[in-house]
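All remarks here apply to the structure that follows.
Throughout, read-outs are computed from the coordinates displayed, never taken from laboratory work. What you are looking at is a predicted structure, and each value in this text was computed from that prediction instead of being measured. Quick reminder, even Gly has a Cβ in these numbers, built from the backbone with ideal geometry, and neighbours come from all protein chains shown.
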Amino acid sequence: MTYAEIRSAAKRWLTYLPLEPRVLAGVGIVAGLILALGKIIEDVVENESGAFDRTVLLALRVPGKLGTPIGPAWLKGAVTDITALGSPTILTIVTAIAVAYLLVAGRVRLGLLVGLSVGGGAILEKLLKLGFSRARPDIVPHLVDVTTHSFPSGHATLSAVTYLTLGALLARAQVNWRLRSFVFGCGLFMTVLVGSSRVYLGVHYPTDVLAGWCFGSLWVCLFWLIARRYTR
């Protein structure tokens, strides 16, 4: 299905929806993510994203010294630490703690849904990597070791799934809207930090990360639709 076909289908779908503000807002977010993801995939498959990817990667390196990232000397180490926050090991530990807490608190269904959300997202991310089999960037030297395919970014996808899920979960427990916004904003901030670090380190094209963010966010939206249905 092409980007134009996805956009046309989304417009037809929207005409049949009720006009409640929350429903329209939620559907609008989902539709926007689907359209964005479809456009990114189309550009990558048709090799139309090369100029954008190359420009961004080169902008993050010192001219004439492609092995040296821009910024002060300490920044490389800091970004390397940040990228570890999206590693499978760290995200597994964070998810396990969250699930264990929910189980101990008696929220068994919600705990299982959180585990299934993150675990299912990880499986789908691996399948997408195998399906697209996009090679890693060779425009600039990699600043950390990588061995898997490039599209979509696993760190961007799974940090979105994990941190946005937990951010939404914690925000849901807050009464004050400012606290809800702050808590969810923290999850969003972590997601952006981890994904951006992959581009800075030269191990992902920007379109890999953008696709990972879109896919991860869509997966979280699906999770919350299910959570609202089965955890009331």
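Does the range 182-193 include one or more residues that are polar (S, T, N, Q) and crowded, with 24+ Cβ neighbours inside 10 Å? Yes, because at least one residue in the range 182-193 is polar (S, T, N, Q) and crowded, with 24+ Cβ neighbours inside 10 Å. Is it the case that some residue within the range 151-168 is touching a strand residue (DSSP E or B) at 6+ places or on another chain (Cβ under 6 Å) and buried (at least 18 other Cβ atoms within 10 Å of the Cβ)? There is no residue in the range 151-168 that is touching a strand residue (DSSP E or B) at 6+ places or on another chain (Cβ under 6 Å) and buried (at least 18 other Cβ atoms within 10 Å of the Cβ). Selection of the range 95-117 for residues being in contact with a Leu (Cβ under 7 Å, 6 or more places away or on another chain) and either free of Cβ contacts under 8 Å to residues at least 24 places away in the same chain or under 27 Å from residue 198 (Cα atoms) (or both) yields 98, 102, 111, 114. Scanning the range 28-60 for residues that are among the charged types (D, E, K, R) and either assigned to a helix (DSSP H, G or I) or in contact with a strand residue (DSSP E or B) (Cβ under 6 Å, 6 or more places away or on another chain) (or both) yields 39, 42, 43, 53, 54. Residues of the range 127-138 that are more than 19 Å from residue 42 (Cβ to Cβ), surrounded by fewer than 19 Cβ atoms within 10 Å (Cβ to Cβ) and in contact (Cβ under 8 Å) with a residue 24 or more places away in the chain: 136 alone.
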